1. Any idea what the dipole of the chain comes to, in debye rounded to 20, about its Cα centre with Lys/Arg Cβ at +1 and Asp/Glu Cβ at -1?
2. Non-local amide H neighbours of GLY54 (under 5 Å, H modeled in plane, Pro and chain starts lacking H): which ones?
3. So what's the Cα pair-distance distribution over the chain, bin width 10 Å, in %?
4. With a cut-off of 8 Å between alpha carbons and a minimum separation of six or more residues, what is the relative contact order of the chain in percent?
5. Determine how large the accessible area of SER20 is when every protein chain is in place; take a 1.4 Å probe and give Å² rounded to the nearest 10.
6. Protein chains only, probe 1.4 Å: how do LYS3, LYS70 rank by accessible area, largest first?
7. What number, rounded to the nearest 500 deg cm²/dmol, is the helix-based mean residue ellipticity at 222 nm of the chain, given -39500 (n - 2.57) per DSSP H run of at least four residues and division by all its residues?
8. At 1.4 Å probe size, what's the solvent-accessible area of MET19? Round to the nearest 10 Å².
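The values are calculated or read from the model by the stated rules, or taken from the named source; none is laboratory data. Worth saying up front: this structure is predicted, and the values here are computed from it rather than measured. As a convention, Cβ positions derive from the backbone with ideal geometry for all residues, glycine included, and neighbour counts pool all protein chains shown. SASA here: full protein model, heavy atoms, side chains in, ligands and nucleic acids out. Shrake-Rupley method; radii C 1.70, N 1.55, O 1.52, S 1.80 Å.
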Amino acid sequence: MSKVRIATTSLAGCFGCHMSFLDMDERLVELLEHVELNRSPLTDIKQIGHCDLGLIEGGLCNSENVVVLKEFRAHCKTLVAVGACA
């Protein structure tokens, strides 16, 4: 079975959602058996590939945020806003 490809980003957010994700500790190892992280602050990959799921943290506050959001929309089958500031 193929892994689900996930991309994440923080727009004008605090990175709190990414920090909460890292709080999964050793459960991350099990999760990585099922998912492949693409562009993400967690991987330091700068270019986004085609992904099954895009997770967007933070709100839009400048033109760079708009460009990133449009890139994610173009490359992700499903796009989800996460966190209070999203």
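1. Numbers: 8 positive and 11 negative charges, 89 e Å.
Computed charge dipole of the chain: roughly 420 debye.
2. Those lying under 5 Å, H to H, from GLY54 are ALA7, THR78, LEU79, VAL80.
3. So the P(r) values, bin by bin, are 18, 52, 26, 3.
4. Values: 143 pairs, mean separation 33.1, N = 86.
For the chain, the relative contact order is 38 percent.
5. About 70 Å², ignoring ligands and nucleic acids.
6. On the way: LYS3 95, LYS70 140 Å².
Ranked from most to least accessible, the order is LYS70, LYS3.
7. Working: 3 runs with 25 residues, N = 86.
Computed ellipticity for the chain at 222 nm equals -8000 deg cm²/dmol.
8. The accessible area of MET19 comes to roughly 110 Å².
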